[in-house]
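Right, one structure below, let's go through it.
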């Protein structure tokens, strides 16, 4: 069991390191313009020796585009999820811990945001702020916040009723310290799990925004943009969806494995 | 007569990531028809694994029977080798020829089925009865377990019944196919003492009327004394000792059995003694000798509670308005002297925990006054209340839940000291070391996490945390209820020692009358939010005046097989509810003083 956990963790870490390497080094080592150069004679070419992953509808090499897209996709997804945690964690924590009136006010606010589909919300924000990377991050980060806040509130509500929280209160610990020392460590596993899942959705949300012309602007590449573009050629050129899709799947797999192990490392009971 | 069950050199292993772990080994016993065999042991002794093996249910928990023979005599007179039986045959045996009662009646019943459905399913499956015949039989069964208004109960769901009634339904389910063997795994552990008495009497009567054998699994020696014909004592997956109930209780051979029996408090053994006494522990003679004669203190009031009332709103309707109130604590008054213990006893829902929490203002009382050392706790603002908490600490029931799993014990014990800025740096370190020594926890435990400790050790850590700020009052809410009996005795002795040395006052909230009899100076009996009787321990136990106190005391099982109390079915008491409409104005609690300090609630 233990060994399995560590191998799982190693695989996760190796995957994430590889992806990070591609994101950082990739754009520097690929030939300039390789990812944007169009070859109209080789449109939708299946994987071959000249184009290992095949080409898209404009004859651009998919391998180079995936490498180029890694940085954009991860930059946006990771920043957006970090932002939604930074916003959602205090919201959910305060709401769940104090309950009552505070909880009612904060959660009605969150419910209002939840009433709009996340993508529509992101779309509105992005449209108002204008299309660039920072604004895409803000749009997705804000749109994801209510989901995170909801989950954290539920966990905080559960932990706040544990006897060790009551014990801390009767020992004269202030509310702020109880939240920091007792509630936060005990809800962290849920935050980690939700965070890794959100990353996958954030990559796809960026795709949606790009599709509507508000996210990544062509000819720049992102995984989401590539998946979105492959939509109407799935039957004749499935690799155009498969290649970026695989990149998303591997990233999420690596994150999930790493997230599981991280959660176990943080939990003293699993040692 | 041939034995119904014979277990021969049973060995059960559990596969884990670190290789196989032995659950039980070398376990052998037999059960004759009409006999009650009690398997007794502390947690982790393998008693449940043994019973689950008999049903071959142990496989569903990841266990494997690796050695030994389990023979069961079936209804048609043939013998069945349980270890080799096919799952089809076991399906016929389970619930049909062997009935089982579980510990927690709420989880043993499926919440979405009516009582009728729960009872008829097994009958239709095993006996091939039609729906009508099964329903008729279900009604008979409910009558045989003496549930009031059985016709109405059939159409009800489990949550609509009280705990005692639910356990009666579970027993009716186990009895439905007239099994030859009834396995009862801690059937009364989750129940109140008066309901426990009813259920034990019911099992006894059903056994007598149907001539079935009973395998009764429990950790409670007093229940064993009341129920068993023969006893198997288990420890660490092995049988320590086997014998008739009289042999085991009067002439135990093994040291473990002797130690187990010694640690059990027997109700009534403190008759004629005024002061509390330490628990008996074998091998702890030195500590017992060290017990000084109770210091005669001048009675000095520490805690004074006046007309304390706590009510919880019951919300209802679309607008979530308050539609009724739970009268959890109703006009409770008492005083507690420095260096003394007041025990609040009563059954679940009587308000004893709410009373303790209201005093510490962990929940806000509705009205009333709480004075600790000349300070009105109820009048303090948020800031002063936090300061005042240094004087009053709490020890909780569940030592697993009352320590934060993510923090080292050192940090948790140090937390109250840091909160009040009492010490820091090396002073703090020294103080924590001193506290660990004080509760006799090894110093190397300071850097450990709670899950690395046993239940008793955790409770010691929780006591160390409560002691950290030198409190005057400790509210102990069922502080030893979750512990095994020998560990319970050690923790109780530690608490009494601390009381003598530090002059602590305890508000000891408990449902266990035998424990209370040993450790309390004063006892208050609570029922439906009120104290119905309060006074010196000797007066309340030796001369109970209120009918509720009397019924409570008569329901306590005594750890002596010659003092059996539950031969006949006991009268079923209706459940009373502490929920009243908003307009309800309860009468004041008025008391008659029948002896100095001994008060009884006027009806």
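The numbers here are math on the coordinates, done by the rules we state, and not lab data. As the structure is a computational prediction, the values presented were derived from the model and not from experiment. Virtual Cβ from ideal backbone geometry, glycine too; neighbours counted across all protein chains shown.
Key figures for this structure:
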{"read-out": "Tilt relative to chain B, helix B:163-175 - C-alpha long axis, 0 to 90 degrees, to 10", "value": "20 degrees"}
{"read-out": "Protection-proxy order for peptides B:429-435, B:315-321, B:270-276, each taking the mean of Cβ atoms within 10 Å per residue, highest first", "value": "B:429-435, B:270-276, B:315-321"}
{"read-out": "Neighbour-count order for A:180, B:371, A:223, A:239, fewest beta carbons within 10 angstrom listed first", "value": "A:180, B:371, A:239, A:223"}
{"read-out": "Residue-averaged beta-carbon neighbours from other chains (10 angstrom radius) around B:356-368", "value": "1"}
{"read-out": "Cα-based radius of gyration of chain B once divided by 2.2 N^0.38 Å, which approximates compact folds", "value": "1.03"}
{"read-out": "Size descriptor, Kirkwood hydrodynamic radius, that averages inverse alpha-carbon separations across chain A, Å", "value": "20.4 Å"}
{"read-out": "Angle between chain B longest axis and helix B:193-210 axis [Cα atoms, degrees, rounded to 10]", "value": "10 degrees"}
{"read-out": "Rg [Å, one decimal], Dmax [Å, integer] - the stretch B:94-229, C-alpha atoms", "value": "14.0, 43"}
{"read-out": "Residue A:25 versus residue A:109: modelled label distance in nm, points set 7 Å from Cα along the beta carbon direction", "value": "4.5 nm"}
{"read-out": "Value of relative contact order over the stretch B:5-263, rounded to a whole percent, pairs C-alpha under 8 Å and six or more apart", "value": "27 percent"}
{"read-out": "Coordinate range along principal axes, alpha carbons of the stretch B:5-263, Å, largest first", "value": "53, 41, 39"}
{"read-out": "Antiparallel DSSP beta bridges within chain B, percent to nearest 5", "value": "60 percent"}
{"read-out": "Residue list for the stretch A:194-219, given a label point 7 angstrom along the Cα-to-Cβ vector of residue A:233 and an amide N cut-off under 17 Å", "value": "A:211, A:218-219"}
{"read-out": "FRET efficiency for residue B:88 and residue B:112, using Cβ-Cβ distance with R0 set to 35 Å, rounded to 0.05", "value": "0.80"}
{"read-out": "Sequence-separation-based contact order of the stretch A:50-186, relative, with Cα cut under 8 Å and 6+ spacing, percent", "value": "28 percent"}
{"read-out": "Cα-based Rg / Dmax (Å) for the stretch A:82-138", "value": "13.5, 40"}
{"read-out": "Among A:238, A:131, A:163: highest mean-square fluctuation, GNM of chain A, C-alpha pairs under 10 Å", "value": "A:163"}
{"read-out": "Sorted by Cβ density within 10 Å, fewest first, the residues B:10, A:157, B:302", "value": "A:157, B:302, B:10"}
{"read-out": "Neighbouring partner chain Cβ atoms per residue of B:417-427, average, 10 Å criterion", "value": "1"}
{"read-out": "Pair residue B:576, residue B:380: separation of 7 Å Cα→Cβ label points (nm)", "value": "3.4 nm"}
{"read-out": "FRET E, pair residue A:176, residue B:306, Förster distance 45 Å, beta-carbon r, rounded to 0.05", "value": "0.85"}
{"read-out": "Test item: A:169-181 mean partner chain Cβ contacts at 10 Å", "value": "6"}
{"read-out": "Pairwise FRET efficiency - residue A:86 versus residue B:152, Cβ, R0 = 60 Å, nearest 0.05", "value": "0.60"}
{"read-out": "Residue A:193 paired with residue B:323, simple spin-label distance in nm, labels 7 Å along Cα-to-beta-carbon", "value": "3.5 nm"}
{"read-out": "Counting all C-alpha pairs of the protein assembly as shown, share separated by more than 41 Å (%)", "value": "51 percent"}
{"read-out": "Folded to 0 to 90 degrees: helix B:485-502 orientation relative to chain B principal axis, Cα", "value": "10 degrees"}
{"read-out": "Likely footprinting exposure, B:79, B:242, fewest C-beta neighbours within 10 Å first", "value": "B:79, B:242"}
